[in-house]
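Please read the structure below before turning to the comments.
The values are calculated or read from the model by the stated rules, or taken from the named source; none is laboratory data. Quick caveat, the model's predicted, so the values are computed rather than measured. Positions of Cβ are generated from backbone atoms using ideal geometry, with glycine treated the same way; all protein chains shown enter the neighbour counts.
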Amino acid sequence: MPDVIKTADSERLRDGLLMSKGALRMQSVGALAGRSILIAIASSSLIAILFIFYFIIRDALPFFQIEGIREFLTSTRWYPSREEAEFGALAIFFGSALVTLGAVVVAVPMGVLAALCLSDILPFSIRQVVKPVIEMLAAIPSVVYGFFALVVFAPLMQERGGSMLAAGAWIIFAPLAVLATAVLSDLLSSRLDGKARLVSQIVSVALVGGLFLAGLLRMHGFLVGLTIVSGTNALNVSIILGIMALPTIVSVSEDALNAVGRDLREGSYALGATRAETLLRVVVPAARSGIMAAVILGVMRAIGETMVVWMASGNAARIPGPWFNFLEPIRTLTATIAGDMGEADHVTGSARYHVLFVMALCLLMFAFISNLASEIILRRARKRGSV
Amino acid sequence: MFKFKSTIATTIGLMLILSFAWSGAFAESYRIIIDGSTTVGPIAKAFAEYYMAKHPDVSVTVSESGSGNGAKSLINGVCDIADMSRFMKNKEFAAAVEKGIMPVAHVVAMDGIAIIVHPSNPIKSLTVQQVRDIYMGKIKNWKELGGPNVEIVMISRDTNSGTYETFEKLVMSKKKIHEKSEYVGSNGAIRQRVQSTKAAMGYVGLGFVDRSVKALEIDGVMPEASTIVSGVYPIARPLFMFTNGYPKLGSHIFSFITLYLTPKGQEIVEEIGFIPVTRY
Amino acid sequence: MLDGSFSTVGVIAIVLMFISLVILLGPIFARGFGAFVFKGTVEYRKLMLDKFGRGDRERIIAEVAGAAKTREPVYELMEQFRVELKEKDYDYRSRYGQPFKELEELVEDLFGPAPGSSMPVLVRGQYGQTRWDRANVKLGNILFIEEYDYSDSSKMGELVLVPRADLFAGTSLEPLFRLLESDIEKMMRPRTTVYWRFLFDGSYDSHFFGGIWPELLGTFYLAIGAMLFAVPLGVITAIYLAEYAGDSRFVSLLRTCISSLAGVPSIVFGLFGLAFFINAIHVSPSKSVLAGSFTLALLVLPTVIRASEEAIKAVPRSYKEGAMSLGAGKWRTVVTVILPAALPGILTSIIISLGRAAGETAPIIFTAAVSVGKPLALWETMSQPTPALPWNIYNLATEHEAVDEIRHVQYGMVVTLIVLVLLLNITAIVLRARISKKLRG
């Protein structure tokens, strides 16, 4: 009786039901070993996450011992290199938040609309063309976006900032205004019938549309008159980050919209609803949580991006005045880490080195929490969908 | 399907083979690792290329990651030469000695920090006091200096640079730079921001001043080789390379680090726009 | 009405997406093309002959001599003026001395060192302008002085171009400018040049001349190295998740970890790579390709896992059941039946991740990238850092001492990186289309 039985033999033996006790034991031990190796390898991402947390926290903790946390969270004075260093990161947190907000404003309406369009409006053949475009947008490396923002976009903004902004505003807001007008007039007159309905529709379109038009014209006048002193500012970065977050938002919310299912849509049509009504009242509410998750993922993409903000945000650690002034330079967490790591002396274990790890920890926590949130939302939605 | 797979496999294989073949052409070589300041970077890079051309068996790598990083790398013993645009700090010295490293400074060149503006800016000269006031946020508009009514966009080097620290020491005299100042990662980036922004003002090493920006007279003195050498120009500093101990005579590091003393080395320093020390 | 406007807005959103892709890629491709195909001057051919030994030696030497002959009048005029300057009085000298010196420098910029003068040490000084577009810029600098009109004190000055000839009006130097303007083509001999070796040449004089091979090779090493670590881990994890894992708590924890890993900002990976691979376990004393590859591998791991798992799950159940019913064990089924069937899908995921790893910058800043270095041999990747395309794009666009002179190199690098990444992605897209076709029958 050979002690070691090769795999091929064991197969044959089992086929012939001729397995000795030893062979059986061998096999079960082998299977157990194989399985545990498999699990060990599969846990690599678990281990990776644990290690990342451990090593970031390990290097972040000394900062709290050296400097404490109060100044870090409440002061806006960021002077890490002076003898009496100050580590007020409030403005940097604010900068990250501001560009992320900007990116959301750029990406979410466009992304969700595009997703709706892809899932419900466009024919299949066009969808096949659009999908690769989205994937290409997602595939372009961030340093390329940064290069574009710094070398092409920033000078362009400085030279013809006002008119460019105005044109952008028209492109984005005019269709939205038309859509909002349509939706509002529809809502206002939905209770009425016959002639009254038509009249109310016309009146409401005129009213709401006129209001929007007036608003747009005023905005146009304001924007054209604007001169942009510095092209590397929060707006530049927001737009680029928005475009970078688009693919995520589109693909995740499209998945959510597709998951709503044909029967719900068909039910709605059967009740006499138009396509727009079906979309607005049935499909979007049903896919709400999926879209929410998409937005969260988009936010994560924007807040974690480094190269674009490092190259094109201006890196001024200051809360713009007034706070929503997107035309001023800002500084973000990621850019601070990338830029300051060069000086931070690892050897002496200075506060300046550890503060960057505190920032990384904040980013990490944020990413972790929003990721959990989006998972929980999606999981709940899936459960509800299946019940 | 099969055809497709094999095509991809062949492509990847070819790429690998290509890189093998290509890299095989270079035999294993003596290495000099340089890390540190972006200001000294151009000198180090030019020296590196010159040296590699003369000694094909030597491979020199240059990282430009900031003076502080250079010091760190030297202290950790992971680079042979640290480029620094400021002198090593006491703390860094202490850390080095603790690790058994003995930093030795070599002054490879002199550099003036030029205050630059866009060429369309009518301002020709400022005093150190005025520059300080601008960076402190006291002077906010070019109007206050006799220029047009445009808000000043001040641009500063990132806090991790020796240029920043020198500027802070020589110009700001311990006053804080106003938080509105933009920070960029390198001398080149400052010049680029200034040449594309009419209202901007920045400071760069003399080697980075070119036709596209205008250097200002400071206290009535133009930043030029002659004024920096004679010490008239107020914002000047030496540029350093640090080694661990004095390099052994005849070693590659020795001949590299003493390049700046040779006529060729001085010519290189001059061509890049810095001032050779021997003139000093 | 509502229906119509709804569709329109949706279509506009998609069109906007197209437009942003075009706006982004248009200028980059248009200018990046110029790194490969451009009008090269005689200086370019001289450089290629001297530094790389390329081209027909006899012809280039003849061409250089020909060009030098057409340049002779220029140098003669300047020599004449130099003599004149010496002979005239102090006023004359102080009036023309400085402008003439500037002119000399500009001419040297355009044509390279004057015959008889000493050879500069740096390569950038040894040759004139190698590219016709740059030569024209330099010629413009000679012909016109950029002055600013500050008369309107309420605004920044306006750019005024003053012909330099006016400055030297009445002197013996005056004809020089007309001569330069009319004969510049004969002096520089521009010819359309295809420089495909841009990809495979090393750089000369910090990217003033030559190509981007060290960066390209470094990118290959980093990306392929990352895949070497990420693919085995990722695919095995995917097999576990798809075939072995049930719905236990551990598995859902694992899934959460994978998606968390996917959400970690890339700069945090960079810091972790520095703190762990370099400072803690010392895979190399300082930055190295190995450390960078490890870091990038962690970054792409979730992508590999997810896409491979999907590919494995997409294998029809009947395959598996068939194999099992023939008596194959589970592992055997996985290895001999499921994996081969899922291979194209897994390959797709690998290709996409390869593109991602090649383009990432933030993780390699602290772990692998340097701005100048030789192309590495394979065994050197274990301990040495390398230049890499993404990092050097950043470096050249912001830190280089002559950002404007080497714009074409920056654009060339950007285009190379984009083409690399997009090619990988298009391959993946095509591959996936074929798979779905096959699965549909």
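Overview of results
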quantity	calculated
Yes/no for C:Ile365 being more than 11 Å from chain A (Cβ to nearest Cβ) and out of contact with any Asp or Glu (no Cβ under 8 Å at 6 or more places or on another chain)	no
Test: residue in segment A:99-107 that is within 28 Å of C:Arg356 (Cβ to Cβ), under 19 Å from the mean Cα position of the chain (by Cα) and at the interface with chain C (Cβ under 8 Å from one of its Cβ atoms)	no
Selection from segment C:396-441 of residues that are within 21 Å of C:Leu122 (Cβ to Cβ), facing chain B (nearest Cβ under 9 Å) and not in a loop (DSSP other than H, G, I, E, B)	C:Leu396
Search result, residues across segment C:118-135 that are not in a helix (DSSP H, G or I) and not aromatic (Phe, Trp, Tyr)	C:Ser118, C:Met119, C:Pro120, C:Val121, C:Leu122, C:Gly128, C:Gln129, C:Thr130, C:Arg131
Check on C:Ile393, facing chain A (nearest Cβ under 9 Å), within 30 Å of B:Thr61 (Cβ to Cβ) and in contact with a helix residue (DSSP H, G or I) (Cβ under 9 Å, 6 or more places away or on another chain)	yes
Within segment A:120-149, considering residues that are more than 8 Å from chain C (Cβ to nearest Cβ) and in contact (Cβ under 8 Å) with a residue 40 or more places away in the chain, the one nearest to B:Thr197 (Cα to Cα)	A:Ala149
Within segment B:1-96, helices (runs of 4 or more DSSP H) holding 3 or more residues that are at pLDDT below 85 and among the aromatic types (Phe, Trp, Tyr)	B:2-24
Single match in A:Gly304, A:Gly314, A:Gly298 (criterion: small (Gly, Ala, Ser), on the phi > 0 side of the Ramachandran plot and under 23 Å from the mean Cα position of the chain (by Cα))	A:Gly314
Criterion (outside any helix (DSSP H, G or I) and surrounded by fewer than 20 Cβ atoms within 10 Å (Cβ to Cβ)) met by exactly one of A:Ser125, A:Ser81	A:Ser81
Restricting segment A:249-284 to residues that are among the acidic types (Asp, Glu) and within 12 Å of chain C (Cβ to nearest Cβ), the residue that is surrounded by the most Cβ atoms within 10 Å (Cβ to Cβ)	A:Glu254
Sole exception among (1) closer than 30 Å to B:Ala46 by Cα; (2) charged (D, E, K, R); (3) part of a helix (DSSP H, G or I); (4) in contact with a strand residue (DSSP E or B) (Cβ under 9 Å, 6 or more places away or on another chain) for C:Asp166, by number	(1)
Residue that is crowded, with 20+ Cβ neighbours inside 10 Å and either modelled with pLDDT under 90 or at the interface with another protein chain (Cβ under 9 Å from one of its Cβ atoms) (or both), where the choices are A:Leu364, A:Leu372	A:Leu364
Scope segment B:169-182; condition in contact with a helix residue (DSSP H, G or I) (Cβ under 9 Å, 6 or more places away or on another chain) and outside any strand (DSSP E or B); matching residues	B:Leu170, B:Val171, B:Met172, B:Ser173, B:Lys174, B:Lys175, B:Lys176, B:Ile177, B:His178, B:Glu179, B:Ser181
Selected residue (criterion: modelled with the highest pLDDT) from residues of segment A:100-158 that are hydroxyl-bearing (Ser, Thr, Tyr) and closer than 24 Å to C:Val9 by Cβ	A:Ser119
In segment A:76-96, residue farthest from A:Leu327 (Cα to Cα) [restricted to those that are in contact with a helix residue (DSSP H, G or I) (Cβ under 8 Å, 6 or more places away or on another chain) and at pLDDT 85 or above]	A:Phe87
Residue among C:Lys138, C:Lys155 that is without any contact (Cβ under 8 Å) to a residue 40 or more places away in the chain, in a loop (DSSP other than H, G, I, E, B) and basic (Lys, Arg)	C:Lys155
Every pair of residues 6+ apart whose Cβ atoms lie under 6 Å, when the first sits in segment C:232-249 and is assigned to a loop (DSSP other than H, G, I, E, B) while the second is surrounded by 18 or more Cβ atoms within 10 Å (Cβ to Cβ) and of a type in the set (Lys, Arg)	none
Segment B:259-276 - residue that is in contact (Cβ under 8 Å) with a residue 24 or more places away in the chain and assigned to a loop (DSSP other than H, G, I, E, B) and, of those, surrounded by the fewest Cβ atoms within 10 Å (Cβ to Cβ)	B:Gly273
Residue ID - nearest to the other protein chains (Cβ to nearest Cβ), chosen from residues in segment C:278-293 that are in a helix (DSSP H, G or I) and crowded, with 24+ Cβ neighbours inside 10 Å	C:Ile278
Number of the exception - C:Leu347 against (1) part of a helix (DSSP H, G or I); (2) within 11 Å of chain A (Cβ to nearest Cβ)	(2)
Candidates C:Ser248, C:Ser293, C:Ser288, C:Ser284, filtered to the one that is touching a strand residue (DSSP E or B) at 6+ places or on another chain (Cβ under 9 Å) and either acidic (Asp, Glu) or more than 20 Å from A:Phe53 (Cβ to Cβ) (or both)	C:Ser288
Verdict on C:Leu233 being of a type in the set (A, V, I, L, M), in contact with a Pro (Cβ under 7 Å, 6 or more places away or on another chain) and modelled with pLDDT of 90 or more	no
Options A:Val152, A:Val178; residue that is touching a Ser or Thr at 6+ places or on another chain (Cβ under 7 Å) and within 7 Å of chain C (Cβ to nearest Cβ)	A:Val178
Check on A:Val308, assigned to a helix (DSSP H, G or I), modelled with pLDDT of 85 or more and in contact with a strand residue (DSSP E or B) (Cβ under 6 Å, 6 or more places away or on another chain)	no
Sole residue being buried (at least 23 other Cβ atoms within 10 Å of the Cβ), of a type outside the set (Lys, Arg) and modelled with pLDDT of 85 or more, chosen from B:Phe242, B:Phe208, B:Phe254	B:Phe242
Every residue from segment C:132-171 that is at pLDDT 85 or above and of a type in the set (Gly, Ala, Ser)	C:Ala135, C:Gly140, C:Ala165
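Yes or no, residue by residue, for (1) within 27 Å of B:Lys45 (Cβ to Cβ); (2) buried (at least 20 other Cβ atoms within 10 Å of the Cβ); (3) away from chain C (no Cβ under 13 Å):
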site: B:Ser85; (1), (2), (3): yes, yes, yes
site: B:His106; (1), (2), (3): yes, no, yes
site: B:Lys124; (1), (2), (3): no, no, no
site: B:Gln129; (1), (2), (3): no, no, yes
site: B:Arg132; (1), (2), (3): no, no, yes
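Yes or no, residue by residue, for (1) away from chain B (no Cβ under 14 Å); (2) part of a loop (DSSP other than H, G, I, E, B):
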{"residue": "C:Leu161", "(1), (2)": "no, no"}
{"residue": "C:Leu176", "(1), (2)": "yes, no"}
{"residue": "C:Asp183", "(1), (2)": "yes, no"}
{"residue": "C:His207", "(1), (2)": "no, yes"}
{"residue": "C:Tyr221", "(1), (2)": "no, no"}
